[in-house]
1. May I ask you to verify whether His234 is loosely packed, with under 13 Cβ neighbours inside 10 Å, over 30 Å from Arg43 (Cα atoms) and not basic (Lys, Arg)?
2. Would you be able to tell me the number of residues in the stretch 201-211 that are in contact (Cβ under 8 Å) with a residue 24 or more places away in the chain and loosely packed, with under 13 Cβ neighbours inside 10 Å?
3. For residues that are hydrophobic (A, V, I, L, M, F, W, C) and at pLDDT below 90, scanning just the stretch 20-45, find the one that is nearest to the chain's Cα centre (by Cα).
4. Could you list, in sequence order, all residues of the stretch 223-254 that are small (Gly, Ala, Ser) and either closer than 17 Å to Ser270 by Cα or touching a residue at least 40 places away in the same chain (Cβ under 8 Å) (or both)?
5. In this structure, does Tyr266 turn out to be more than 18 Å from the chain's Cα centre (by Cα) and either crowded, with 17+ Cβ neighbours inside 10 Å or within 26 Å of Asn116 (Cβ to Cβ) (or both)?
6. What strands (runs of 3 or more DSSP E), lying completely within the stretch 235-296, carry at least 1 residues that are within 22 Å of Thr17 (Cβ to Cβ)?
7. Of the residues in the stretch 215-228, how many are more than 17 Å from the chain's Cα centre (by Cα), under 21 Å from Arg63 (Cα atoms) and part of a strand (DSSP E or B)?
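The values are calculated or read from the model by the stated rules, or taken from the named source; none is laboratory data. No experiment lies behind these values; they were computed from the predicted model shown. Here the Cβ is made from the backbone with ideal geometry for all residues, glycine too, and neighbour counts use every protein chain on show.
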Amino acid sequence: MIDGAGRKINYLRLSVTDLCNLRCQYCMPEAGVKKFGHGETLRFNEILRIVETLSQMGIDKVRITGGEPLVKKGIISLIETINKMDGIKELVMTTNGQRLEEMAESLKDAGICRINVSLDSLNPEKYASITRGGDLEKVLRGIRKAKEVGMTPIKLNVVLIGDFNDDEIVDFVELTRNDDMEVRFIELMPVGEVASWSERNFMTGESVLEEVPELEAIEKEDRSSPADYYRLPHGKGKVGIIRPITCKFCSACNRIRLTSDGKLRYCLHSNHELDLKVVMDDHGDIMKAVEEYISLKPAEHHLEHHQYVTRSMFGIGG
């Protein structure tokens, strides 16, 4: 599958739910969200039909996301079925880790080969504050269990938040010194109804290099990765910096997103969507509709001009 800018699209980020067991301040309002009605969300058979079609079009990597995917009833069965599809070579997941310890073994057996864990603080009180109630110790136990069952290397996704975790950059980097772990610092993105909060708390990815000047740049193993990579001298793990605001990586973009209510999105930072639920309800040709839509994928986003998406991150998928 080739988009309008000539890029090969082979990576699907599949959101299975907009629900989450946390209320992170940069993601959703404190009161939570109005969940989709039963008829609005994709049923499992619809998800599988879409993923099967996309695999025939060249998608070979699928990342399961949410909301929080581990709160989705039947998630293990869904993963098992996707894992058996011809053409799917890599099946991974992003989670907040709150239920990871209890589900890690089942996830591995079902076909998840690697886990990304969202973790914005190593301080229990600060973690509970930013997530509005999360338990850091549960996350750490989940990470240990994921390592134990072989879902490695573990990747930690750390959103850079000014006046919150800027004093923890060194601590996060130190995790990579003696452990084959990847810590990825991500610039805070102004998405949805918390865009103004994100702008107020924004800090650049360059802050990591200023804080830890001994980090050494290393070559990317995967050109399509949004991160630039670094390593401590003699460190076992890697440090990634993802700069969607200050340093675009659109030219190497190879991904599309499917929301839990059936909207295909060719760019996180665009409001343009293709409603595949409508296509299926109208007995349309999914493959043809996707081909036409992907041909419109723009060469780059325009966040630098404050062209923000209106839909919140939990509704799009992490």
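1. On the way: loosely packed, with under 13 Cβ neighbours inside 10 Å: yes; over 30 Å from Arg43 (Cα atoms): yes; not basic (Lys, Arg): yes.
Spelling it out, His234 is indeed loosely packed, with under 13 Cβ neighbours inside 10 Å, over 30 Å from Arg43 (Cα atoms) and not basic (Lys, Arg).
2. We begin by selecting, within the stretch 201-211, every residue in contact (Cβ under 8 Å) with a residue 24 or more places away in the chain; these are 201-209, 211.
With loosely packed, with under 13 Cβ neighbours inside 10 Å added as a condition, the list becomes none.
Residues flagged as in contact (Cβ under 8 Å) with a residue 24 or more places away in the chain and loosely packed, with under 13 Cβ neighbours inside 10 Å within the stretch 201-211 amount to 0.
3. Residues of the stretch 20-45 hydrophobic (A, V, I, L, M, F, W, C): 20, 22, 24, 27-28, 31, 33, 36, 42, 44.
Applying the additional criterion that residues be at pLDDT below 90 yields 24, 27-28, 31, 33, 36.
Working: Cys24: 14, Cys27: 13, Met28: 16, Ala31: 23, Val33: 19, Phe36: 20 Å.
Among residues in the stretch 20-45 that are hydrophobic (A, V, I, L, M, F, W, C) and at pLDDT below 90, the one nearest to the chain's Cα centre (by Cα) is Cys27.
4. Answer for the stretch 223-254, where residues must be small (Gly, Ala, Ser) and either closer than 17 Å to Ser270 by Cα or touching a residue at least 40 places away in the same chain (Cβ under 8 Å) (or both): Ser224, Ala227, Gly235, Gly237, Gly240, Ser251, Ala252.
5. Numbers: more than 18 Å from the chain's Cα centre (by Cα): no; either crowded, with 17+ Cβ neighbours inside 10 Å or within 26 Å of Asn116 (Cβ to Cβ) (or both): yes.
Judged against the criteria, Tyr266 is not a match.
6. Answer list for the stretch 235-296: 255-258, 263-265.
7. Filtering the stretch 215-228 down to residues more than 17 Å from the chain's Cα centre (by Cα) leaves 215-221, 223.
Okay, now just the ones that are also under 21 Å from Arg63 (Cα atoms), so 220-221, 223.
Still in the list and also part of a strand (DSSP E or B): none.
Looking only at that region, the number is 0.
For every residue, the table says whether it meets (1) under 28 Å from Ala104 (Cβ atoms); (2) crowded, with 18+ Cβ neighbours inside 10 Å; (3) within 17 Å of the chain's Cα centre (by Cα).
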{"position": "Lys147", "(1), (2), (3)": "yes, no, no"}
{"position": "Pro153", "(1), (2), (3)": "yes, no, yes"}
{"position": "Gly162", "(1), (2), (3)": "no, no, no"}
{"position": "Asp171", "(1), (2), (3)": "yes, no, no"}
{"position": "Thr176", "(1), (2), (3)": "yes, yes, no"}
{"position": "Glu199", "(1), (2), (3)": "no, no, no"}
{"position": "Pro213", "(1), (2), (3)": "no, no, no"}
